[in-house]
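Okay, so here's the structure we're looking at.
The values are calculated or read from the model by the stated rules, or taken from the named source; none is laboratory data. Just so it is clear, the model here is predicted, and its values are computed rather than measured. Don't worry about glycine lacking a Cβ; one is built from the backbone with ideal geometry, like all the others, and counts go over all protein chains shown. Areas reflect the complete protein model, heavy atoms only, side chains present, ligands, DNA and RNA absent. Shrake-Rupley method; radii C 1.70, N 1.55, O 1.52, S 1.80 Å.
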Amino acid sequence: MATTTLTPAASAYRSGLYEWLTTTDHKKIGILYLVNSFIFFFIGGIFALTVRTELAAPGLQILHDELLYNQLFTMHGTVMIFLFIIPVLVGFGNFVVPLQIGAPDMAFPRINALSFWMLPLAGILLLSGFLTGGVAQAGWTSYSPLAQDRPLASTGPGEDLWIMALLLIGTSSILGGINFLVTIFKMRAPGMTMFRMPILVWTVLVTSVLVVMATPVLTSALIMLFIDRNYGGHFFDAGTGPGSAILWQNVFWFYSHPAVYIMVLPAMGMISEILPVFSRKPLFGYKAFVFATAGIGALGFSVWAHHMFTTGQVFLPFFSLMTFLIAVPTGVKMFNWIFTLFRGKLTFSTPLLFALGFLSMFLIGGINGAFSAAVPVDFALQDTYWVVAHLHYVLFGGSVFGVMAGLYYWFPKMTGRMLNEGLGKIQFVLMFAGFNLTFFPMHQLGLAGMPRRIADYAANAGWNDLNLAATVGGFMIAASMLPLLANIFISRRAGKPAGDDPWEANTLEWATSSPPPPYNFDHLPEIRSERPLFDLRHGREAGH
Amino acid sequence: MSSTPGSRPSTTAIIGWLIAAAVFLALAALVVLNAQSIWTSFFPPAAKSVEGTEIRNLYDIVFAIAVVIFVVVEGLIIWTVVRYRRKPGDDVLPPQTHGNNLAEITWTLIPTLIVLFLFVISWQTLNNVEAVNPKPDLAVRAVARQFSWSFEYLPAGADAETKAVFAITQQDGPTGGLFLPAGKTIHMYLHSPDVIHAFYVPQFLFKRDVIPGVNNQFDLEIPASDAGETYRGQCAELCGIGHRTMTLDVHVLAPADFQAWYDKQVTAASATPPPPPSGAPTIQLVAQGLEFDQSSLTGPATGFTIHFDNKDNLISHDVDILDAGGKKVVDNKDFPGPAAQDYPIPPLPAGTYKFECSIHPTQMFGTLTVQ
Amino acid sequence: MTASSTLVTTGDPGHPVAEHNPVAAFPHDTRGGISNPILGMLLFICSEVMFFSGLFAAYFSVRAASIPWPPITKDAALNEHFNLHAEPWYAAGLTLILILSSVTCQLGVWAIRRDDRTGFIRAFGVTLVLGILFLLGQIYDYSTIGFGVSDTPFGTTFYTLTGFHGAHVFGGAVMLSVILYRGLAGQFSSRHYDAVEGVSLYWHFVDVVWIALFSTLYIL
């Protein structure tokens, strides 16, 4: 456990409120992103728990108003995707990437701060509808014509608030993506060629390309919908006007499919940092991994219509083929991860446990996605709980487990203190068990014919037991948040001091104090491979 | 928590392992006792249409491959995790393998071949499912409205625009729903005047979106052996606050029974409605904003007329009357607003009835007292 | 800050650890290549290209599905107004103004590169005036064109495309004003003109979008 002597000595973040509100330091902004994202994680989680409580048994028990039910699942999806998952990964990227490339900050620190502060504002805007006449209720996918301003569709301010909040979030995203790209291309320390960058930096790079290229298309879709709703436009107003409902779906999914890679690639990058450290070996197949990531990014732009197979209006064979093909680079990554562990010497600290959870759950999510790639099978499974199972296995079993791994791994660097291992393991067991209990039965529910987005179901449909099991699992996930919160609050003050490098890690962020000084590094070690700290510790020859 | 080599595990650890073993055995017992129903839960319901059987066969192949991949990869993860634990005190670095090009090529090529195979067989199945017979035996248009289904039976040689011979709405009870003949080729047209819905019947393993402005259509054939059965379906695309109520029933009849039923419907549709009883009073009833303007009506047992004014633009309503037991005694045709129609109500036994809009029964209903 | 012995690595005396300056990567980095703000502006322009792609994709999709195009409504006067092909001259004039403004903008960049500050100010001033002229011309066009945003998908797509382009021109005009202000305050020279170059790139982009718009709406 190395310790750097710094002059002046770095202090832990005990800065005042003014400092936090006006900071342009990527480390503080990263932490702001994390805190904000977790607040919305809990809000989105409460929406989900309400939905699950209603669905635990047939009959409308707690929500007599189906409108509120529709609002709740709409807000759950929107909050989780746009105010939790995407920003929490940006938060990790913000904190870690400049450190990992040996830079003093991001390329545009003030734009970085702006990008962050747009998020709480957008969240308040989005949720304000609960106080002012209703929030959006057309699903996070907001299909037109249900999203249009007409009776029995989306009257009221909710949908407009949704549009405006997403416009803000999209802008925040795009500015952040530009910031990451310039930082990564231009501010790497001497010696760090592109192929010596940590894998997390690569995944953030590809994610940022997706953000910059795909998000503006969502912006255009949102603007067109706003014009339809408020200025009598005729883009998407099928049913009562000449617009095209399919056009909305195409423009929307052109962004929202790459968005799922935006939501998972950085998490994959994080576990690609963690698995090598806790196996005491390098990442297996670094270059292949980079090409696979780039391949996923590129292919990700060609599959959007697989969300529209049942519309009968898309060229099915092309999108089916591309969707199948994207499984190949994903599989390459999976095998590279497994062979990183293979013949290693594994230490089962909490970060590794969550990373292993990611591997096993993302595998399931990838496999059940392949069913939907087979178009006729998708005819049976689309818009049923099978899809809910799939998306949660990749986004929760994948991304959220990756986030938890990253949290336990980098918390010491952020705060100078270790999170408690015992509490971490309790959280892992509860979360893993609860997650599978919630979402595995949804495969069966979807196969049996339970559609999505219904507030209630027939008592004789045979779906009662599985729904009850899923609800119990949901509350287990909620329970697993308690050890997490306790851990964070206790460890911030009383956790074991971490020192510079508590994990015997490989990358540059561990070559400075915990937390780092505002300027990040006093000195940088020589960079001659993707594991500069490993080389420093063991000598360059030991790494080969 | 490391232990020095050769020491006994603590009491806590023993109790922990015992609890884990007990839980595992309980779960294993549950699985074994319910093995049959657990196994079938991994599959869609038995297919009741020709196209559905094609889809089921494809599913079975995908499922088999998925199981193999899952067992191999998950097994590899579990084995690696168990086998390569770091022994306490072991500080020697493991071999620092950076990669292996042969391995990369292998696990790129083999999955590519697997997915190409899956793509080809699913494309073939797709062509079979999407195949359309140029001369179907029957053409039906399923109309999805917020929030109910109706089914319009079209004459021979119809296309997407043809007007219906007669229409059946989805209602509770055996007289409502989609009636289809077994062993015949049926061509389904889909139409929505408002938002996107989806026609979904789990036992056909099939759904197709009903999109305003789009003429989706497909062929459906139910094997002759399924005559006499009823299948449940429901709307599978979020369509608003009544989405969960948009169920539909598919009643399959043997061809002769279907023909009899069909003829009866044609006769009923072409019959002129009975004239309102002379001198009978007219009750005014307005529908606006998905509500009736009155929640209780009174009418004479000798018969009367309801002058029904539907003020909701582009939204269809009607006024049906049900008896105290919930049976529909007067079934009137719905129509979209803004428009008004006279509904003649024949003589009814005195008593308390319920009136409702059959399309929005949860919001638009009231009590009718017949004296 | 002196080299600390805690970070000597291999102990190989032939290859001592170099003292790496951790703050080497600011815009005046001698490693060369494109500067950070210019790269940032180029990426921003990429995102704007994708934004307009979404709008253009919607336009072509709407147009392909609407036969005939322009639509024939019950209002004969409206149908007349939809015929943009008949009178493209006004819009062609606006196109010329914008192309000219791109020329003057580039002249301004070349001027500041050779330290001709007066030339740069003059060129950017003319560019701003031309840009404002374009905007005024666009507004006048809207007032006489004879159809609105809710008049069939034709009206909706026309106003959405030209309107958002106009908004981008307005943004560009604001940026030109800031550059002019900073230029007049003496903040730019042949060694320091990144912002000038960045804004000029944005202005050229806005011009290219207009050429695409004009060709699509008035010619195709």
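Just for the Cα atoms in chain A, what are the lengths along the principal axes, largest first, rounded to whole Å?
Taking the Cα atoms of chain A, the three principal extents are 69, 46, 46 Å.
Kindly point out which whole DSSP H helices in chain A project their C-alpha atoms 24 angstrom or further along the helix axis while averaging a Kyte-Doolittle hydropathy of 0.0 or above. Kindly include the intermediate steps, with their values, before the conclusion.
Numbers: long enough: A:26-55 (42 Å, 1.16); A:109-127 (28 Å, 1.41); A:158-186 (42 Å, 1.34); A:199-231 (47 Å, 1.70); A:245-262 (26 Å, 0.74); A:350-373 (34 Å, 1.56); A:421-448 (41 Å, 0.86); A:464-494 (46 Å, 0.94).
Those that clear 24 Å and a mean of 0.0 are A:26-55, A:109-127, A:158-186, A:199-231, A:245-262, A:350-373, A:421-448, A:464-494.
What does DSSP give for region B:282-370 in terms of the percent of beta bridges that are antiparallel, rounded to the nearest 5? Working shown, then result.
Details: 22 of 33 bridges.
Percent antiparallel among DSSP bridges in region B:282-370 is about 65.
Per residue of chain A, what 222 nm ellipticity follows from adding -39500 (n - 2.57) for every DSSP H run with n ≥ 4, rounded to the nearest 500?
Values: 19 runs with 337 residues, N = 544.
So the calculated ellipticity at 222 nm is -21000 deg cm²/dmol.
For region A:110-159, which residues drop by 10 square angstrom or more in accessible area between the chain on its own and all protein chains together (1.4 Å probe)?
Listed in order, they are A:Q137, A:Y143, A:P145, A:L146, A:R150, A:P151, A:L152.
Highest mean first, how do B:182-192, A:386-396 rank when packing is the count of other Cβ atoms within 10 Å averaged over residues?
On the way: B:182-192: 20.2, A:386-396: 22.3.
With the highest mean Cβ count within 10 Å placed first, the list reads A:386-396, B:182-192.
What is the distance, in nm, between label points placed 7 Å from the Cα along the Cα-to-Cβ direction at B:A256 and at B:S296?
5.3
Using only the alpha carbons of region B:127-260, what is the convex hull's orientation-averaged projected area in square nanometres? Numbers along the way, then the final one.
Numbers: hull surface 31.1 nm².
Over every viewing direction, the Cα hull of region B:127-260 projects on average to 7.8 nm².
Hey, got the average number of other protein chain Cβ atoms within 10 angstrom for residues in B:201-211? Walk me through the numbers on the way to the answer.
On the way: counts 2, 9, 2, 2, 7, 4, 11, 6, 12, 2, 12.
Partner-chain Cβ atoms within 10 Å, mean over residues of B:201-211: 6.
In the protein assembly as shown, carbon and sulfur make up what percent of the accessible area (probe 1.4 Å)?
Values: 29630 of 44970 Å².
Its accessible area is 66 percent carbon and sulfur atoms.
Using Cα-only point scatterers and the Debye equation, what is log10 of I(q)/I(0) for chain B at each q in 0.11 Å⁻¹, rounded to two decimals?
Values, matching the q order: -0.91.
How much of the calculated P(r) for region C:96-136 lies past 17 Å, in percent of all Cα pairs? Intermediate values should be presented prior to the final figure.
Numbers: 204 of 820 pairs.
Roughly 25 percent, rounded to a whole number.
Across all directions of projection, what mean area in square nanometres is found for the Cα convex hull of the protein assembly as shown? Could the numbers behind the result be given before it?
Values: hull surface 205.7 nm².
Approximately 51.4 nm², given one-decimal rounding.
Helix C:89-113 sits at what angle to the longest principal axis of chain C, using alpha carbons and giving 0 to 90 degrees rounded to 10?
The answer is roughly 10 degrees.
Percent antiparallel among DSSP beta bridges with both residues in the protein assembly as shown, to the nearest 5? Working shown, then result.
Values: 51 of 73 bridges.
Roughly 70 percent of the beta bridges in the protein assembly as shown run antiparallel, per DSSP.
Kyte-Doolittle mean at least -0.5 and Cα extent at least 18 Å along the axis: which DSSP H helices of chain B qualify? Walk me through the numbers before you get to the answer.
Working: long enough: B:11-33 (33 Å, 2.51); B:50-83 (49 Å, 1.49); B:101-130 (43 Å, 1.09); B:255-270 (22 Å, -0.56).
Sorted by number, the helices that extend far enough and score high enough are B:11-33, B:50-83, B:101-130.
Using the basic label-point model (7 angstrom from Cα toward the beta carbon), what is the C:L133 to A:T193 distance in nanometres?
Going by the 7 Å Cα→Cβ label model, 5.3 nm.
Based on the Cβ-Cβ distance of B:I78 and A:A433, what FRET efficiency does E = 1/(1 + (r/R0)^6) give at R0 = 25 Å, to the nearest 0.05?
Efficiency, rounded to the nearest 0.05: 0.95.
Can you give the local net charge around B:E291? Use residues other than it whose beta-carbon is closer than 11 angstrom to its beta-carbon, Lys and Arg +1, Asp and Glu -1. If you can, show how the numbers build up before the last one.
On the way: positive: B:K311; negative: B:D293, B:D312.
Taking every other residue near B:E291 into account, the sum is -1.
A:K496 to B:L25: FRET efficiency via 1/(1 + (r/R0)^6), r the Cβ-Cβ distance, R0 45 Å, to the nearest 0.05?
On the way: r = 38 Å, r/R0 = 0.85.
Approximately 0.75, to the nearest 0.05.
Give, ordered by residue number, each residue of region A:368-401 whose 1.4 Å probe accessible area is reduced by a minimum of 20 Å² on adding the remaining protein chains to the chain alone.
A:F371, A:A374, A:P376, A:V377, A:F379, A:A380, A:D383
Could you give the nm distance between label points at B:Q96 and C:N83, where each point is 7 Å from its Cα heading toward the beta carbon?
7.8
What net charge is computed for the residues neighbouring A:W503, neighbours being all others with C-beta under 15 Å from the C-beta of A:W503, Lys and Arg scored +1, Asp and Glu -1? Don't skip to the end; give the middle numbers.
Working: positive: A:R280, A:K281, A:K345, A:K413, A:R417, A:K496, A:R531, A:R537, B:R86; negative: A:E273, A:E421, A:D500, A:D501, A:E504, A:E509, B:D91.
So the environment of A:W503 carries a net charge of +2.
Quick one: net charge around C:W203, please, counting Lys, Arg +1 and Asp, Glu -1 for every other residue with C-beta under 13 Å from its C-beta. Can you show the working numbers first?
On the way: positive: none; negative: C:E48, C:E197, C:D207.
Once all neighbours under 13 Å are counted, the net charge is -3.
Show me B:53-60, A:143-150 ranked by packing, highest mean number of other Cβ atoms within 10 Å first. Please report the intermediate quantities before stating the final value.
Values: B:53-60: 20.2, A:143-150: 24.6.
Highest mean packing first, the order is A:143-150, B:53-60.
On average, how many beta carbons from a partner chain sit within 10 Å of the beta carbon of a residue in B:50-62?
Numbers: counts 0, 2, 3, 0, 1, 8, 3, 1, 6, 7, 0, 2, 7.
Mean inter-chain Cβ contacts per residue within 10 Å come to 3.
Mind listing the long-range amide H neighbours of A:F236? Cut-off is under 5 Å, sequence gap 5 or more, other chains count too, H placed in the peptide plane at 1.01 Å from N.
Those qualifying (amide H under 5 Å, at least 5 residues apart or on another chain) are A:S244.
Among B:I168, B:I14, B:I306, which one shows the biggest mean-square fluctuation in a GNM of chain B, springs joining Cα atoms closer than 10 Å?
Ranking B:I168, B:I14, B:I306 by mean-square fluctuation puts B:I14 first.
Within a 10 angstrom radius of each residue's Cβ in C:65-73, how many Cβ atoms of other chains show up on average? Whole number is fine. Let's see the in-between values first.
Values: counts 6, 3, 0, 0, 0, 0, 2, 0, 0.
Neighbouring Cβ atoms belonging to other protein chains average 1 per residue here.
Can you tell me which of B:S150, B:S295, B:S270 moves the most in a GNM of chain B? Springs connect C-alpha atoms under 10 Å apart.
Highest fluctuation among the options: B:S270.
Using only protein heavy atoms and a 1.4 Å probe, report how much of A:W337 is accessible, in Å² to the nearest 10.
0
Determine the equivalent ellipsoid of region C:34-219 by diagonalising the alpha-carbon gyration tensor, then write out the semi-axes as square roots of 5 times the eigenvalues, largest first, rounded to whole Å.
Values: eigenvalues 263, 58, 25 Å².
Equivalent-ellipsoid dimensions as semi-axes: 36, 17, 11 Å.
If R0 is 35 Å, what FRET efficiency do you get for B:Q124 and B:F43 from their C-beta distance, rounded to 0.05? Intermediate values should be presented prior to the final figure.
Numbers: r = 21 Å, r/R0 = 0.59.
Computed FRET efficiency for B:Q124 and B:F43: 0.95.
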